[in-house]
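Below you'll find the structure, written out as structure tokens, and then a few comments.
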Amino acid sequence: MTEIIHNVTDEWAKRAFIDQKTYQEWYAQSVNDPDAFWGEHGKRLDWFTPYTKVKNTSFEPGNVSIRWFEDGTLNVAHNCIDRHLPHRANQTAIIWEGDDPSESRHITYQELHDRVAELANVLRNRGVEKGDRVTIYLPMIPEAAFAMLACARLGAVHSLVFAGFSPDSLASRIEDCGSKFVITANEGLRGGRKVPLKANVDAALKRVSGVEHVVVVRRTDTDVPMEPGRDVWYHEAIEQVTSECPPVEVNAEDPLFILYTSGSTGKPKGVLHTTGGYLVYAAITHQYVFDYHEGDVYWCTADVGWVTGHSYIVYGPLANGATTLIFEGVPTYPDISRFWQVVDKHNVNIFYTAPTAIRSLMQAGDEPVKKTSRASLRLLGSVGEPINPEAWEWYYRVVGDSRCPVVDTWWQTETGGILIAPLPGATALKPGSATLPFFGVKPGIVDNEGRPQEGAAEGNLVITDSWPGQMRSVYGDHKRFEETYFATYPGCYFTGDGARRDADGYYWITGRVDDVINVSGHRMGTAEVESALVAHAKVSEAAVVGYPHDIKGQGIYAYVTLMEGEEPSDELRKELVAWVRREIGPIASPDLIQFAPGLPKTRSGKIMRRILRKIAEDEFGNLGDTSTLADPTVVDDLVNNRQNRH
Ligand code: WTA
């Protein structure tokens, strides 16, 4: 196959901050002398006490420690709001576009300041102090950003829980970080449908104790029960406070937030990010990868409940004094042109979304896109999963009218910000490749024995040195942090992804190499779905794998063994799907369930997932060696009863 390359056009180069020569010079300095490079770029923030030390990090097994700017002090809300006020008080900070196209709001930096300070006062009056954890379970409304920034203003640590998660998932996240405070809404609104958020919080709080205060935003007219002494309406509470609240000075290494993410084993981990390095990294990547210029309108369609929403809806853009758009709805409501209608309505210049959205819109053809103008668009971004070259080209040609660079950004909850991506004025684009590392990022490819591979190679993707946005620990479990990320290939951060590096040094992410799957850009541990399934009374065993799905990237394929005496049926299939939705949330719904009398196991009882993956992928002609199975005949049954993917 001949490789397609889109070279940097004169147009892109003229506008961009970073050209190819600058990229090469800065990159060389950033990896050869990180102290000098980050010492300089850390100054993009306002520090109460300037740092004198820059990098102090170790990936040594048993001694993993990551500290950046460690003697500096600052406040994130001050950096995202207050310091902009002298020249941006009346500039729009947030454009909010409601689920219903008739609803939108512009929030200036001054208003953002006032709303954040009020909410910070509300929290402070209820006992929230520096270091306390606050759980935020909100839909895509401006109050979600206010809540994050209000915590940051007090030096409190927020933990957002995606509003699509179940009461159980919410409860376990509240419990794990010992949070005493919850901020939620009576209901959310998505695609014309209401989501019972407060009811979910009430259900969660029956399962976990210790929550003292719940602040409830009124998003819809629906009344919800309020527990006296515990629950308070946001709109009533802010009437009682002023809009002055001095930002609390925190250390660069004090925690900013915890965000739970799925791994290959066990319960979701609380990824811990701290203050100084995280904000420097979110801000600098936002500026250079998206080539954000003064006055641009920037829109990232992610949910604030995921890391992309943290770094590239809220913190990066606001630290840069940008105008950031928050969209409450879905791409298909009221109709399939909605994204582009919003682009035209608010003159969006930079648009950042996920391949799954691009693929599903692509299926509806060009017309719903072409009937909108999109003349304001200047740059398109992609994140969350590998983007196939066909979707990339469609995005480039149809959405961007072959005028806008497409930046495919590879990163993770753990990395805090983008690690591999093109810079629009510097990097020739290859559809399907995230291209080259950002400043300060040292990727490597290792084989399964951990041997570094030089030149063009394929293998496991590692990062060999620290960058400022890196997670610092797993909340409350530093040992798990070391074991998960630094034990597989000692001395390196292991990403869990596979990648190929081509002769030009470009990286092509091939997907997860562990038991994590990526469904519509949502990260999911197969172990979590399995434990939800086996919690059902009729299920004795379950094994979950991913399989290629045209729209979602990967679909969820579950093999289920029933308890003695239970009969497989379509009814039971539906019941199990509904069960998993209730246990985890709709994003974890199995797409296909195969009832299997037995699972392929080794003689020591380990499930051979390789075989299950192959069958789910319809590659059962090539199952490899099955001779080590305790009972090789189970494979025939699995192959004969495989579920149709199409
Ligand atoms: C995948 C989302 C290919 C990858 C920011 C990673 C990608 C996981 C890309 C992290 C991309 C993310 N190309 N794969 N541009 N971006 N991924 O933590 O497998 O929700 O490990 O962070 O998504 O997902 P997470």
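The values are calculated or read from the model by the stated rules, or taken from the named source; none is laboratory data. Please read all numbers here as calculations on a predicted model, not as lab measurements. A quick note on method: Cβ atoms are made from the backbone with ideal geometry, for glycine too, and the neighbour counts reach across all protein chains shown. The area values use the complete protein model at the heavy-atom level, side chains included, leaving out ligands, DNA and RNA. Shrake-Rupley method; radii C 1.70, N 1.55, O 1.52, S 1.80 Å.
Structure notes:
- For the peptides 237-248, 391-402, 191-202, residues were scored by their other Cβ atoms within 10 Å and the scores averaged per peptide; the highest-first order is 391-402, 191-202, 237-248.
- Taking the centroid of alpha carbons for each part, region 31-69 and region 605-644 are 49 Å apart.
- The lysines within cross-link reach of LYS370, meaning a Cα-to-Cα straight distance under 25 Å and a gap of 8 or more places when in the same chain, are LYS345, LYS430, LYS552.
- Cα gyration tensor shape of region 1-104, rounded if a/c is under 1.5, else prolate or oblate by comparing a/b with b/c: oblate
- For the pair ASN448 and HIS478, the difference between a 0.36 nm per residue extended length and the Cα-Cα distance amounts to 8.3 nm.
- On region 451-515, 48 percent of the accessible area sits on carbon and sulfur atoms, based on a 1.4 Å probe.
- Distance violations [Cα-Cα > 30 Å] among LYS538/LYS601; LYS180/LYS442; LYS206/LYS601; LYS21/LYS479; LYS130/LYS479; LYS206/LYS574: LYS180/LYS442; LYS206/LYS601; LYS21/LYS479
- Sites GLN20 and ASP502 - FRET efficiency at Förster radius 30 Å, r taken between beta-carbons, to 0.05: 0.95
- Antiparallel bridges, percent of DSSP beta bridges restricted to the chain (to nearest 5): 60
- Mean accessible surface per residue for the chain, computed with a 1.4 Å probe while every protein chain stays in place, in Å²: 37
- Among the protein heavy atoms of region 372-419, carbon and sulfur supply 56% of the accessible surface, probe 1.4 Å, non-protein parts ignored.
- Rolling a 1.4 Å probe over the protein heavy atoms of region 1-140, with every protein chain left in place, gives an accessible area that is 45 percent carbon and sulfur.
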